[in-house]
Amino acid sequence: MLRPLIMFGYSLIFIITIIFSSGLLNVILPYYKTIQNLGEISVKWQYLTEHKDDYDAIFLGPSTTYFGVIPKLFDEYMTTEGKSVKSFNFGIAGANVSELDFYLQKILALEPANLKWIFLDCSVDLFTNIGSTSAQEIYWHTPRKTLENFQLILESSIDSWKVKVPYIYANFQSFIYRWLGIGQLSTLWQEGILNLDLSNSDPLAKVSEDRLIQESGYYAIDWQKKADKWKTIFRTNGLDTYQKNLKNEQTKLANLNSENTFNDPSTIYGAKMMKNIASRIEQQQINKNKMEAIFFIPPILETDSNPSAIYRAYKSGYIETLFAFNNPNNFTNLYELDRRIDSAHLNHQGAEEFTLLLASEFTQYLNNSGEKLMSGRL
């Protein structure tokens, strides 16, 4: 009787040792420091590391940035205003504020010699793709980032625990996969061994890497092979909802005192994350160049992304500058159907118009010598 218990004890110690050792190895080995097998993220990262000193500005955000901000057009506008800027789009589809901060720290660690501005489109309502064990989801789930995401989920506007619990579980699963080093093999396992076509779950999963680099990290939804399918799905299943939500928000904003807009007391942790991000950027000084954090909200409805945390951060003085384009009464054109691929994303025409508006706001900011500024929504 005693011998089986001893064997069980030794086995348990062995398993715990393996798990603990795997975690330590993944912190020490290159997987922790490099970005591999992450599709366009890896492409962008490799190019940026090789040309890190070429850029004055970087746009960092989720798909609304990835598909919505055109660096070449932004730079051309700035040139016409007598201001030389070279920018790069490091947008990441599906990324929330924790994931963006993870990559922000990696970008700052490169110490790009000429980087002056980092534009941030930070959504705190994206937590992870439930059920996804993709390499992208696994890679950024370090212990600290996983705990941050747990906190964001707990304070989010998602009221039902039936919704929150699956998000918490999905994040914990990604953390475990990362700790054990499974992330390196995740995509290979799903596509090579299980014969799963991961692109089927996302009609916009494949991009031309050459064109991605030619466009400095921007990639229009229109250029993707399955863009027409995505557009058709929206027009068939989501159009009525979008138009209803758009009308409701226009009415709400027309009748709402701007001082009370998005004054949500439940976004304390999210606002503090914005503060930490801004502080991290502004404390960075390379070659006597002090960086600035420029936060912006793309043209998106509250039903798709609640900006409460970023508004609270601004009103609390955590962030100095905010360009807000999420008012459909002020930026009507950006919400027209011929400018959008779906409720949350602009098409190429919409991206062109949005980029020029963003560049115009930034020009005004520079002309005002960087005074504390909020424009757009209010």
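Before I look further, what does region 31-177 give for accessible area per residue, probe 1.4 Å, in whole square angstrom?
Value returned for region 31-177: 38 Å² of accessible area per residue.
Each label point is 7 Å from the Cα along the Cα-to-Cβ direction; what then is the distance between the points at Glu209 and Asn330, in nm?
Placing both labels 7 Å along Cα→Cβ, they lie 4.1 nm apart.
When only Cα pairs under 8 Å and 6 or more residues apart are kept, what is the percent relative contact order across region 267-340?
35
Quick one: which residues, 5 or more positions from Ile294 or on another chain, have an amide H under 5 Å from its amide H? H modelled 1.01 Å from N in the peptide plane, none for Pro or chain starts.
Ile118, Phe119, Leu120
Per 10 Å bin, what is the whole-percent P(r) computed from every C-alpha pair distance within region 283-350?
The calculated distribution, bin by bin, is 19, 38, 27, 14, 2.
Suppose each label sits 7 Å from its Cα in the direction of the beta carbon; what would the Glu76-Gln250 distance come out to in nanometres?
3.0
Using the per-residue mean of other Cβ atoms lying within 10 Å as a proxy for protection, in what order, highest first, do the peptides 207-215, 149-157, 269-277 fall?
The packing order, highest mean first, is 269-277, 149-157, 207-215.
With the other protein chains left in place, how much accessible area per residue, in square angstrom, belongs to region 283-362 at a 1.4 angstrom probe?
I get 35 Å² per residue for region 283-362.
Using a 1.4 Å probe on the protein chains only, how many percent of the accessible area of region 39-115 belongs to carbon and sulfur?
45
The values are calculated or read from the model by the stated rules, or taken from the named source; none is laboratory data. Just so it is clear, the structure is predicted and the values come from calculations on it, not from any experiment. Cβ coordinates were reconstructed from backbone atoms using ideal geometry, including for glycine residues, and neighbour counts include every protein chain displayed. Areas reflect the complete protein model, heavy atoms only, side chains present, ligands, DNA and RNA absent. Shrake-Rupley method; radii C 1.70, N 1.55, O 1.52, S 1.80 Å.
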